[in-house]
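One structure below.
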C-alpha cells in the first residue's frame, strides 16, 4: 500500500465481489489495491459451513472457497492493504481516500464492496448475552452447543440452513418465525422437516432472551393468539437478514430506501468512477455467484471509464 501512487482502482472490501474484481483488474494490468479492514479476506462466506451452489465445486466450505479466491488474487500479484477508512473525497477526477491513521490514498476509480452486516432483533437480553449464548453465525458457534437445546430465529434461507446445521449436532432445535410459512426455498424447508429433533414454532416472535451469566431460555409471543411461552435452551441463533454497510458512502452515493447503493448490472453509481458490487448494491439476488459477476462487471466499467477520462 503506497500513498505516493495514483491507483487505477481501489477496491474497498475483500469479499467475493471485491476479490473477483481484484482478479479481473490484475489480469487487465490495472494498478489496483484491495483495502480490507479485517485480518482475513472473504467477507461473510468465511463463516459459511458449506457452499453447495457455486458451480464446479459443490460442498466446499465457505472458508476454503474464500482461501481459493485469495490464492487466485495472490497468484496474479494483487496488492492488499489493511485499514479503516475515515473519509472519501469524490470532488475531483481523482478520488482521495483518507484512512483513520491519516494515510491518504489516491485513485482514478473506487469499487465499493463492503457487503452487509447481521440484523438484530432488538429485544431485551440480546446485547447482554451476545457471545454468551446469543449468536448470529451457527457455523461459527454451533459446535459450542453440541448435545444442547438451541433456537434459530428467522424464516429465510439462512435461518433454515442454520437450523439444519444445528440439528446435526444439537439435542433439540427450535425454529421460530413470525409468519405461518417460511420464505426459504422449499428444498431447504423439506430437508429441515426431515429432522425429528426440530420443533417448528410459527406465528411467533422472541420477546426476551433470558439467562444468568449465560443464556438459559427465551420468552416467545404468538402474534395471532397473544399467548406467551418460555422455552428453556442454551443458545439463540439470530438469522433475520442483513443490513448494508453503506454508512460511509450514503451521504454521496445514491441509495434505495433500505440503504443499498443504487447501481445496475454495470455497477455504476451516480458518481462517475465509483462502482458498487456484491451485497451492498441494489439487486434481486445476493449470492456468491452474483457477487463475483458484479466484480467482473465493475472492472469492465472501470476500464471503460479510465479509457474515456484518462486517455
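Whether any residue in region 154-161 is loosely packed, with under 14 Cβ neighbours inside 10 Å and at pLDDT below 95 is what I want to check. Within region 154-161, none of the residues are loosely packed, with under 14 Cβ neighbours inside 10 Å and at pLDDT below 95. Exactly one residue among 77, 18, 81 is assigned to a loop (DSSP other than H, G, I, E, B) and over 18 Å from residue 137 (Cα atoms), and that residue is 77. Taken as a whole, region 281-290 holds no residue that is exposed (fewer than 13 other Cβ atoms within 10 Å of the Cβ), within 21 Å of the chain's Cα centre (by Cα), modelled with pLDDT under 95 and under 23 Å from residue 87 (Cα atoms). Looking at region 239-246, can you tell me whether even one residue there is buried (at least 20 other Cβ atoms within 10 Å of the Cβ), touching a residue at least 40 places away in the same chain (Cβ under 8 Å), assigned by TED's automatic domain parsing to the domain that holds residue 67 and farther than 24 Å from residue 47 by Cα? Checked region 239-246: no residue is buried (at least 20 other Cβ atoms within 10 Å of the Cβ), touching a residue at least 40 places away in the same chain (Cβ under 8 Å), assigned by TED's automatic domain parsing to the domain that holds residue 67 and farther than 24 Å from residue 47 by Cα. Annotation note: of 279, 207, the sole residue that is touching a strand residue (DSSP E or B) at 6+ places or on another chain (Cβ under 9 Å) and in a helix (DSSP H, G or I) is 279.
Would you please name the residue that is surrounded by the fewest Cβ atoms within 10 Å (Cβ to Cβ), looking only at residues in region 21-32 that are assigned to a loop (DSSP other than H, G, I, E, B) and out of contact with any strand residue (DSSP E or B) (no Cβ under 7 Å at 6 or more places or on another chain)? Spell out the reasoning first.
To start, the set of residues in region 21-32 that are assigned to a loop (DSSP other than H, G, I, E, B) comprises 28-31.
Subset that is out of contact with any strand residue (DSSP E or B) (no Cβ under 7 Å at 6 or more places or on another chain): 28-29.
Details: 28: 15, 29: 10.
Per the criteria, the residue is 29.
Test residue 235 against the stated conditions and say whether it is crowded, with 20+ Cβ neighbours inside 10 Å, under 24 Å from residue 48 (Cβ atoms) and in contact (Cβ under 8 Å) with a residue 60 or more places away in the chain. Yes; evaluated as a whole, the condition is true for this residue. Would you confirm whether or not region 185-198 contains a residue that is within 23 Å of residue 286 (Cβ to Cβ), in a loop (DSSP other than H, G, I, E, B) and at pLDDT below 95? Yes, region 185-198 contains at least one residue that is within 23 Å of residue 286 (Cβ to Cβ), in a loop (DSSP other than H, G, I, E, B) and at pLDDT below 95. Of all residue pairs spaced 6 or more apart or on separate chains, those with beta-carbon atoms under 7 Å, a first member in region 55-82 that is under 18 Å from residue 10 (Cβ atoms) and a second member that is surrounded by fewer than 18 Cβ atoms within 10 Å (Cβ to Cβ) and modelled with pLDDT of 95 or more are 76/27. Every listed requirement among (1) under 18 Å from residue 34 (Cα atoms); (2) buried (at least 19 other Cβ atoms within 10 Å of the Cβ); (3) over 19 Å from the mean Cα position of the chain (by Cα) is met by residue 66 save one, (3). From the list 94, 74, the lone residue that is more than 25 Å from the chain's Cα centre (by Cα) and at negative phi is 94.
Report whether or not residue 138 is buried (at least 20 other Cβ atoms within 10 Å of the Cβ) and at pLDDT below 95. When the stated conditions are applied, residue 138 passes them. Within region 210-221, the set of residues being outside any strand (DSSP E or B) and either modelled with pLDDT of 95 or more or not assigned by TED's automatic domain parsing to the domain that holds residue 134 (or both) comprises 214 only. The residue that is farthest from residue 235 (Cα to Cα), counting only those in region 132-156 that are touching a strand residue (DSSP E or B) at 6+ places or on another chain (Cβ under 9 Å) and in a loop (DSSP other than H, G, I, E, B), is 155. Checking region 84-97 against the condition returns no match, with no residue being in contact (Cβ under 8 Å) with a residue 60 or more places away in the chain, crowded, with 17+ Cβ neighbours inside 10 Å and touching a helix residue (DSSP H, G or I) at 6+ places or on another chain (Cβ under 9 Å). Tell me whether region 160-171 contains one or more residues that are without any contact (Cβ under 8 Å) to a residue 40 or more places away in the chain, part of a loop (DSSP other than H, G, I, E, B) and out of contact with any strand residue (DSSP E or B) (no Cβ under 8 Å at 6 or more places or on another chain). There is at least one residue in region 160-171 that is without any contact (Cβ under 8 Å) to a residue 40 or more places away in the chain, part of a loop (DSSP other than H, G, I, E, B) and out of contact with any strand residue (DSSP E or B) (no Cβ under 8 Å at 6 or more places or on another chain). Test of understanding: among 65, 35, which residue is in the same structural domain as residue 12 (by TED's automatic domain parsing), under 16 Å from residue 161 (Cβ atoms), in contact with a strand residue (DSSP E or B) (Cβ under 8 Å, 6 or more places away or on another chain) and not in a loop (DSSP other than H, G, I, E, B)? Going through 65, 35 in turn, the sole match is 65.
The values are calculated or read from the model by the stated rules, or taken from the named source; none is laboratory data. In this text the structure is predicted, and so the values were computed from the model without any measurement. In this analysis, Cβ positions are derived from the backbone assuming ideal geometry, glycine residues included, and neighbour counts consider all displayed protein chains.
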